[in-house]
């Protein structure tokens, strides 16, 4: 009986485990798929509007727990997930001062400059150093105060200067980061036309010494990402789901042999009862009726049975 029970159960559990591992692998693979990114050229503004939520592993040299850069037209938000939490927290946000899309074969590289003005980590950025905007003609120093249509505003004391975006070669600031991402377009788009495609990752590089790493690493957000690793989830999910699947194993597989034995005993006792020598006398004594008793077939009032 044990062999009859164990073999189907082993086969079912093995099948369940293999199926779950395959599904988990497929799920982890799908989680790593590239994110959609859209870029619409806008030469008269800051170069273009960017839309997409792109994975961000590092902010400079700082690894982010489940980091992400969310581009919303002319702004970008950097977010992460704190330990034992499931909601994203925006750590830095600000305008995209300048961006462009450069075609390289079948791929397009979207570059730009983000300038952070808000977020929980803004306090970690050095706000004492001057911002510098470099053009082919000169360098402007001061504080970047606004992004206007086609211009970046920089204030030096009482002097406000609007620097044309198209003339900007570089921006150096504790709050400025150069970003870059490779996009594989869904369809070929001529230069200067909007494009949409897949981007695996965005790179963010500081333009100056910006973050105090020793302080940031003690930030609660850096403690962890609130999720178990994919490998641990696969193992845990496999065992939990396999245990659940055993509840749906047909009852005949588990109890079939036992039930078959009970049925055989029942019919045997019934046959013995009605084949007893005194069956006819009992039948006659009860007026031609088979007595119905509260006892199982073959049992006697004092206990026991056949």
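Worth pointing out:
- The set of residues from the range 228-245 being at pLDDT below 70 and either at positive phi or out of contact with any helix residue (DSSP H, G or I) (no Cβ under 6 Å at 6 or more places or on another chain) (or both) comprises 228, 229, 231, 232, 233.
- Scanning the range 60-69 for residues that are assigned to a strand (DSSP E or B) and either buried (at least 18 other Cβ atoms within 10 Å of the Cβ) or in contact (Cβ under 8 Å) with a residue 60 or more places away in the chain (or both) turns up 62, 68, 69.
- Selection of first residues in the range 72-91 that are on the phi > 0 side of the Ramachandran plot and surrounded by 15 or more Cβ atoms within 10 Å (Cβ to Cβ) and of second residues that are modelled with pLDDT of 90 or more and in a strand (DSSP E or B), restricted to Cβ pairs under 9 Å at least 6 apart or on distinct chains, gives the following pairs, ordered by first then second residue: 73/40; 73/49; 73/50; 73/51; 73/96.
- Out of 134, 104, 139, 108, one residue alone is at pLDDT 95 or above and closer than 27 Å to residue 191 by Cβ. It is 134.
- Taken over the range 39-59, the criterion of being surrounded by 17 or more Cβ atoms within 10 Å (Cβ to Cβ), touching a strand residue (DSSP E or B) at 6+ places or on another chain (Cβ under 8 Å) and touching a residue at least 40 places away in the same chain (Cβ under 8 Å) is satisfied by 39, 41, 46, 47, 48, 50, 52, 54, 55, 56, 59.
- Filter result (in contact with a helix residue (DSSP H, G or I) (Cβ under 8 Å, 6 or more places away or on another chain), at pLDDT 75 or above and surrounded by 14 or more Cβ atoms within 10 Å (Cβ to Cβ)) within the range 205-227: 216, 219, 221, 222
The values are calculated or read from the model by the stated rules, or taken from the named source; none is laboratory data. Treat the numbers as computed from the prediction; the structure is a model and nothing was measured. Virtual Cβ from ideal backbone geometry, glycine too; neighbours counted across all protein chains shown.
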